[in-house]
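Asker: Sharing a structure with you now.
The values are calculated or read from the model by the stated rules, or taken from the named source; none is laboratory data. Fair warning: this is a prediction, and the values are worked out from it, not measured in the lab. Don't worry about glycine lacking a Cβ; one is built from the backbone with ideal geometry, like all the others, and counts go over all protein chains shown. Quick note on the areas: whole protein, heavy atoms, side chains included, nothing else; ligands and nucleic acids left out. Shrake-Rupley method; radii C 1.70, N 1.55, O 1.52, S 1.80 Å.
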Amino acid sequence: MTTIDGTASDTATVEAIIDGVTVRVAEGTTILDACGGRGCGIPTLCYGETITPRNACRVCMVEVEGSRTLVPSCSRPVTEGMVVTTRSERIDHSRRMVLEFLGSSVDLSLTDHVEEWNTEYGADPTRYGSEAARVDEPVRIDNDLYIRDYSKCILCYQCVDACGEQWQNSFVIDIAGRGFDARVSTEHDVSLPDSGCVYCGNCIQVCPTGALMFTSEYTMRQAGTWDESRQTQVDTVCGYCGVGCNLTLHVQDDSIVKVTSPADSGITSGNLCVKGRFGFQHAQNRPSAD
Amino acid sequence: MEAIKRTTPASDAEREAIESVLGPSDDRLGRDAVAGHVVRGQRHLLLPCLHALNDRIGWISSPAIDHLATRLGASPAEIHAVASFYGLFSLSPREPVQRHVCIDLACRAAGGPTEHSVDHEAHPAPCLGLCDRAPAAITIGGHDPEPDPASAAVDRAEDDVLLRRVGAGDPVDLDAYLADGGFSALERARDLGPEGIISAVEASGLTGRGGAGFPTARKWDAVRTQPVTPHHLICNADESEPGTFKDRTLIENDPYALIESMAIASLAIGCELGRVYLRGEYLRAHLTLSTAIERCRSAGLLGALAGFDIEIIRGAGAYICGEETAIFNSIEGYRGEPRNKPPFPFESGLFGEPTAVNNVETLMNVPSIIAEGRQADRRLFCLSGAVRRPGVIEAPIGITLGALIERAGGLREGSELRAVMLGGAAGGFAGPADLDLPLDDARLREVGLTLGSGVVMVHDQHVDLVDQLRRIAAFFRDESCGQCVPCRVGTVRQEEAIERLASGTGEADLSLLRDIAGAMRDASICGLGQTAANAIQSAVVRLGVLT
Ligand SMILES: Cc1cc2nc3c(=O)[nH]c(=O)nc-3n(C[C@H](O)[C@H](O)[C@H](O)COP(=O)(O)O)c2cc1C
Ligand code: SF4
Ligand code: SF4
Ligand code: SF4
Ligand code: FES
Ligand code: FES
């Protein structure tokens, strides 16, 4: 490998065999990335590109020769000589069970790909019966900007890490409690206005399940008017300050309905502040009809 | 971090509790950058602060959490996250002194209460490590907690090595320990040097007694040769595996031997401060060990001059904190969630630095290996249940199950053997046909069993084995840290399936249990989830319980 100035880079590489094929990747590359990253065929739920993987959901498990247990592909780096299998009866069994465990305990209706994976792995979340314990949490609506519906939460830890040391450094939310009772929570579950929340919305950005959602989106979904097929996405640059964060405006029926930032933006990595994230009302302050 | 304004300040008693650990607060702190660094460098004092609040006031209030957050330069949500992780802490008002009544396996088999029948004033507790006294209860909290009952060894034999000082005089009498040859192994270890110590330990064949059976010499050598310093030694005394009370017995009866063992281990790996992570419920062991540590400091055997010191960190009611990486998070002041491996503790452990974690019994083998060149061919077994003399027994590895039960006086009058839980709730069940089984990990593994932490819980015809399985399932559900899906949800689904089978309504549930077991074993992050189905599967397969 060479660098821009033409000298040999010191990036070491490692060679491994994945599903019978020899691959050579930069040292530190995860098994998932060596396989092509998200969307390569290995299911992922708790993984997101902008957060260091906590490998908490265990749906992306693969077999690594010599390992007693399966291994999380989203976080395990490829090492020299590693022999990896990404599909087997044993792997499929674990993936199916994880899909069932989550599907039977939280609402995955807004989580991407779940239906397709349930079919692919033969997962049937209903087989645990109607008495199966669920994460029953009321939707928390305590401010005008976003809602929290932890009955959809898979505890991927991404919002905690986005709010904490990986991005926002606000540390407003963390995991409280233990085991099945563990929940993302402010201290003593105080409302967001009573917490240190700065409404950057970086937690919403990383949430893979719709547990955290713009109030605008939530209200429209409740009213049955949310329709992604009628939405367009417009990339622009935030005009509030000189940083120049990349914004993606999600527009439906000529109105901005939510704001994200591209996860691969070199400026934001998906993160914004309250102005870029929520300060869009002035852009659509239309004169009233009369 | 945003400043959060709240109206209720911490009470004087709460401030005093926190100051008993952190010292008086300095007004400059939090305002200048260097001081902020100092404040945040105290995060490892969070657990002691929470203990101080919980012991003195009985619970941890919202204003106390806010105040602690300010004192430690953390956010209230982070402090609350940690406080809510531990079973011994309460976030709602209660009296400082609480009665903890065991609802676990040996105690319910002995007629103790279940989670439903326990006195509502009392706190239902997982195994208290007093299974030889079943049914057991202890008192925790307040300024001067009444020491819990002592756990006793039984059937001490002439040739006992590990138990040789148990029950022999005052355990904190340093002169008696010295007169009995105490600290001569440490002297010999100094002559041997790190490599010499490790060779001797390797030659003894010593493997971990905490459950995983890893060769001790290999662990130490891996830490010793790490370039990053400092190196850490943690003695794992969290002993929470249901049915286990050997480490408690050792610490309560022979604390100087543990100190000497740790001093030798620290020489081997190159460490200056050893930590004992002691189960929060073990108040008597805490008192004994801290007295012994103090006396060693006064005698110059520990402390600056000795080049090595020992600190006790008190756990707070979380089985998972005995897992070797969860221990690091717990000591550092974070939630006791296991970390990913790799990296392994020998390269990145406590504070990200090379660390050896060893069980109490493992360490206690070391002095006789060094001083007398002994083989590590003996183990401690925790006998409880339907035997005449429950207690800790030292026996050669490979003793048969039947011979061990005989050493505990045999079965109680009128008892017929029904089942033996071997190795703990994370272990498995042997049956009446298994009395000739040699208790040796390699041999047991062939039949799908393990010695685990040395649990031998004997059940007779009066014990409701279905109820035992229910409790095992509930134990893992309670103790799961909740980090990963297979364990967080799998332990709940496992318990539900057992409840259905117990009430005779779940035909398909046996295969469901197998499905759940497979995913927990294969896909959980740590040993808790990976073993949470072991005992249940073994009872189903080997004993036909639930079928
Ligand atoms: C859930 C869980 C709890 C554990 N609890 C303990 C414990 O209380 N004491 C202990 O020594 N080891 C415990 N272990 C094993 C430790 O992770 C580790 O293997 C051991 O302390 C290493 O010491 P050793 O090599 O001397 O056995 C536990 C493991 C798991 C997965
Ligand atoms: S909006 Fe920002 S500050 Fe508020 S909880 Fe989410 S990440 Fe934290
Ligand atoms: S709220 Fe969303 S981002 Fe946060 S842990 Fe739950 S699923 Fe993950
Ligand atoms: S296996 Fe259980 S205890 Fe271990 S990390 Fe996962 S949830 Fe936590
Ligand atoms: S995607 Fe890898 S563990 Fe969740
Ligand atoms: S003390 Fe009750 S089961 Fe151990």
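Asker: Give me the one-decimal nm value for the distance between modelled label points at B:GLU372 and A:ARG134, 7 Å along each residue's Cα-to-Cβ direction.
Answerer: In this crude spin-label approximation the distance works out to 6.3 nm.
Asker: Would you rank A:LYS275, A:LYS258 by solvent-accessible area, highest first, keeping every protein chain in place and using a 1.4 Å probe?
Answerer: Of A:LYS275, A:LYS258, the descending order of accessible area is A:LYS275, A:LYS258.
Asker: Sum -39500 (n - 2.57) across every DSSP H segment of at least 4 residues in chain B, then divide by the residue count to get the 222 nm mean residue ellipticity, nearest 500.
Answerer: Roughly -12000 deg cm²/dmol at 222 nm, from the helical runs in chain B.
Asker: Where in segment B:392-417 does the label zone of B:HIS462 land, with the point 7 angstrom along Cα→C-beta and an amide N cut-off under 11 Å?
Answerer: B:412-416
Asker: Still on this structure, I have one more. How high is the relative contact order of chain B, in percent, with contacts defined as C-alpha pairs under 8 Å that are six or more residues apart?
Answerer: 13
Asker: Still on this structure: Amide H neighbours of B:ALA316 under 5 Å, at least 5 residues apart or on other chains, H built in the peptide plane: list them.
Answerer: B:GLY280
Asker: What percent does the relative contact order of chain A come to when contacts are Cα pairs within less than 8 Å and at least six residues apart?
Answerer: Averaging sequence separation for qualifying contacts and normalising by length gives 13 percent for chain A.
Asker: With charges set only on the Cβ (+1 for Lys and Arg, -1 for Asp and Glu), what does the dipole of chain A come to about its Cα centre, in debye to the nearest 20?
Answerer: 180
Asker: With a point put 7 Å past each Cα toward its Cβ, work out how far B:ASP159 is from B:THR7 in nm, to one decimal.
Answerer: For the pair B:ASP159/B:THR7, the computed spacing is 7.4 nm.
Asker: Which one, B:THR531, B:ALA134, B:ALA263, projects farthest toward the positive side of the charge dipole computed for chain B from Cβ point charges (K/R +1, D/E -1)?
Answerer: Positive-end residue among those listed: B:THR531.
Asker: Please give the solvent-accessible surface of B:ASP55 in Å², to the nearest 10, using a probe radius of 1.4 Å with every protein chain present.
Answerer: 30
Asker: Ok, one more. At 222 nm, what helix-only mean residue ellipticity would chain A give, in deg cm²/dmol to the nearest 500, using -39500 (n - 2.57) for each DSSP H run of four or more?
Answerer: -5000 deg cm²/dmol
Asker: With a 1.4 Å probe and every protein chain kept in, tell me what percent of the accessible surface of chain A is carbon plus sulfur.
Answerer: 48
Asker: Taking 0.36 nm per residue of sequence separation and subtracting the Cα-Cα distance, how much length would be gained by fully extending the chain between B:GLU16 and B:ASP175, in nm to one decimal?
Answerer: Contour length minus Cα-Cα distance gives 53.5 nm.
Asker: Using only atoms on other chains, find how many Cβ atoms lie within 10 Å of each Cβ of peptide A:94-107 and report the average.
Answerer: Shielding by partners across A:94-107 averages 5.
Asker: How much accessible area does B:ARG218 have with a 1.4 Å probe, in Å² rounded to the nearest 10?
Answerer: 150
Asker: Quickly rank B:14-26, A:101-113 as a protection proxy: mean count of other C-beta atoms within 10 Å, highest first.
Answerer: Most protected by this proxy first, the peptides run A:101-113, B:14-26.
Asker: Using all alpha carbons of segment A:187-259, what is the percent of pairwise distances in each 5 Å bin, ordered from the shortest bin to the longest?
Answerer: So the P(r) values, bin by bin, are 3, 13, 18, 23, 19, 13, 8, 2, 0.
Asker: If you find the alpha carbon centre of segment A:184-224 and of segment B:471-544, how far apart are they in angstrom?
Answerer: When both Cα centres are located, 34 Å separates them.
Asker: I need the semi-axes of the equivalent ellipsoid of the protein assembly as shown: take the C-alpha gyration tensor, multiply each eigenvalue by 5, square-root it, list largest first in whole angstrom.
Answerer: 47, 31, 28
Asker: Which cysteines does chain B leave without a neighbouring Cys Cβ under 4.7 Å?
Answerer: B:CYS49, B:CYS127, B:CYS131, B:CYS235, B:CYS271, B:CYS296, B:CYS321, B:CYS382, B:CYS481, B:CYS484, B:CYS487, B:CYS526
Asker: Here is a further query. Would you work out the charge dipole size for segment B:394-547 about its Cα centre, treating the Cβ of every Lys and Arg as +1 and the Cβ of every Asp and Glu as -1, and quote it to the nearest 20 debye?
Answerer: That gives a dipole near 300 debye.
Asker: On a full-extension model of 0.36 nm per residue, what is the gain between A:THR215 and A:GLN233, subtracting their alpha-carbon distance, rounded to one decimal in nm?
Answerer: Full extension of this stretch gives 4.6 nm more.
Asker: Ballpark to the nearest 100 Å², how much total accessible area do A and B bury together, probe 1.4 Å?
Answerer: Heavy-atom accessible area buried at this interface is about 3900 Å².
Asker: Shifting gears a bit: Taking Cα centroids, how far is segment B:267-306 from segment B:175-253 in Å?
Answerer: Value for the Cα centre distance between the two parts: 14 Å.
Asker: With the contact rule set at Cα under 8 Å and sequence spacing of 6 or more, what percent relative contact order holds for segment B:51-101?
Answerer: 50
Asker: Leaving ligands and nucleic acids out of the surface, order B:TRP59, A:TRP117, A:TRP167 by accessible area at 1.4 Å, largest first.
Answerer: A:TRP167, B:TRP59, A:TRP117
Asker: Not counting ligands, DNA or RNA, and with a 1.4 Å probe, what is B:THR450's accessible surface area in Å² rounded to the nearest 10?
Answerer: 40
Asker: For chain A, what does the convex hull of the Cα positions come to per residue, in cubic angstrom?
Answerer: 178
Asker: Next question. Quick one: dipole size for chain B, taken about the Cα centre, charges +1 on Lys/Arg Cβ and -1 on Asp/Glu Cβ, in debye to the nearest 20.
Answerer: 740
Asker: Still on this structure, please answer the following. If I stretch the segment between A:VAL243 and A:ILE267 completely, what's the gain in nm (0.36 nm per residue apart, minus their alpha carbon distance), one decimal?
Answerer: 7.8 nm
Asker: Using the charge dipole of the protein assembly as shown (Lys, Arg: +1 at Cβ; Asp, Glu: -1 at Cβ; taken about the Cα centre), state which of A:HIS93, B:VAL118, B:ILE313 has its Cα farthest towards the positive end.
Answerer: With unit charges placed on the Cβ atoms, the residue in question is A:HIS93.
Asker: What would the Debye equation give as log₁₀ I(q)/I(0) for segment A:100-185 at q = 0.24 Å⁻¹, counting only Cα atoms as equal point scatterers?
Answerer: Here log10 of I(q) over I(0) equals -1.26.
Asker: Around B:ARG279, under 10 Å between beta carbons, what's the net of Lys plus Arg minus Asp minus Glu among the other residues?
Answerer: Neighbour charge sum, excluding B:ARG279 itself: -2.
Asker: Moving to a separate point now. Using a 1.4 Å probe and counting only protein heavy atoms, arrange A:GLU27, A:GLU115, B:GLU324 so the residue with the most accessible area comes first.
Answerer: Descending order: A:GLU115, A:GLU27, B:GLU324.
Asker: Follow-up question, since we're still on this one. Take the alpha-carbon centre of segment B:383-419, take the same for segment A:22-60, and report the distance between them in whole Å.
Answerer: Comparing the Cα centres of segment B:383-419 and segment A:22-60, I get a distance of 50 Å.
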